């Protein structure tokens, strides 16, 4: 019996749209974590920017001319402001959504991106806590895929409880027994045959 090859056109408008997915924001406590990190970064930048001024004040020896000295301090302050704005705005733009067959993660302020990881490509799921995240009962969930490091997905800033639930759900998806699927398919076939003969 000859089988006819078909290659019908698909209407693009009928495809599911990622934009219609309801993304869940990161835990609100993650803003505090980012804030603490920003304070540490700000202190380092200020120390670097104000070191010539402090040295000059303590030793009374001119290290830089006055214009360059104040420009350096001003640049440090501007850098801190920009880093704080970008970091906090970046947290607000991040989110994730869990679907039946994959997980979607969105990020970015100017260059926005959405990463979709199908569960059938996930090989391992890890839940990690740094010292600062642990203080706020937060964690990082990382999905290791068959594509290697470039294909992995890392979501930082969700609660530890939610991270463990997410890990358990995905592991259940990726460790579903092939034998169970085979038995299910055989049961469907047998049931169909019984219905036909009945």
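FYI, it's all coordinate maths here, none of it is from the lab. Since this is a predicted model, take the numbers as computed values, not measurements. For neighbour counting, all protein chains shown are included, and Cβ atoms are generated from backbone atoms with ideal geometry for every residue, glycine included.
Ordering 72, 26 from the fewest to the most neighbouring beta carbons within 10 Å gives 72, 26. Between residue 61 and residue 28, the distance separating the two model label sites (each 7 Å from Cα on the Cα→Cβ line) works out to 5.4 nm. Using R₀ = 30 Å, calculate the FRET efficiency as 1/(1 + (r/R₀)^6) where r is the Cβ-Cβ separation of residue 46 and residue 124; round to 0.05. Given R0 = 30 Å and the Cβ-Cβ separation, E is 0.15. Report note on the peptides 101-108, 57-64: ranked by the mean count of other C-beta atoms within 10 Å, highest first, their order is 101-108, 57-64.
Note on region 95-179: Cα-only Rg and Dmax are 13.2, 47 Å. With an 8 Å Cα cut-off and a minimum separation of 6 or more residues, compute the relative contact order for region 24-92 in percent. This gives 47 percent for region 24-92. Fewest neighbouring Cβ atoms within 10 Å first, the residues 142, 164 line up as 164, 142. Normalised by the number of residues in region 95-179, the average gap of Cα pairs under 8 Å and 6 or more apart makes the relative contact order 22 percent.
When the square roots of the Cα gyration tensor eigenvalues are ordered a ≥ b ≥ c, the ratio a/c for region 54-124 is 1.5 or more and a/b exceeds b/c, which makes its shape prolate. The order of 117, 12, 43, going from fewest to most other C-beta atoms within 10 Å of their C-beta, is 12, 43, 117.
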